[in-house]
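Each remark here refers to the structure printed beneath this line.
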Amino acid sequence: MATSAWVCFNCRSAVRRSSAFRGEVPCPICSKECTFLGYRILVPPKQKVREWAALREQLFRERTARDVREHEMAVRQRHDLEQEIVRLESMPANRGRARAVQLLRRQLAGSNA
Ligand SMILES: [Zn+2]
């Protein structure tokens, strides 16, 4: 079974668990929730303060970039749904189209959540 690391940047400590573990991992020193690191990134030695700072910075940059990508995808998906509703409503109304528009509007409402 593959193992992954969770780290506490305050204590520069690491905890290893099964990669399948999905719960919160508390720091063994301060008990605060650890940050998931995965299995590919090496945990720096405890005394290498600068390596820990660089790792923290790297994770922050990666997460920010991912959040931006997810936001852009959500905006694009909403736009696609709106365009499809406009397209269907511009055609002669029938029961199938009315139902399709209703479903698309429901998806649109859900994508704003
Ligand atoms: Zn800690």
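If you filter the stretch 29-45 down to residues that are of a type outside the set (A, V, I, L, M) and either at pLDDT below 95 or assigned to a strand (DSSP E or B) (or both), you find that the one that is surrounded by the fewest Cβ atoms within 10 Å (Cβ to Cβ) is Arg40. Residues in the stretch 18-50 that are more than 15 Å from the ligand (Cβ to nearest atom) and more than 21 Å from Glu62 (Cβ to Cβ): 5 in all. Selection within the stretch 1-12: residues that are assigned to a strand (DSSP E or B) and under 21 Å from Arg63 (Cα atoms). The member of this set that is nearest to the ligand (Cβ to nearest atom) is Cys8. Taken together, Glu70, Glu82 contain a single residue that is surrounded by 12 or more Cβ atoms within 10 Å (Cβ to Cβ), away from the ligand (no atom under 16 Å from the Cβ) and among the acidic types (Asp, Glu), which is Glu82.
The values are calculated or read from the model by the stated rules, or taken from the named source; none is laboratory data. Being a predicted model, the structure only gives us computed values, none of them experimental. We place every Cβ from the backbone using ideal geometry, glycine too, and count neighbours over all the protein chains shown.
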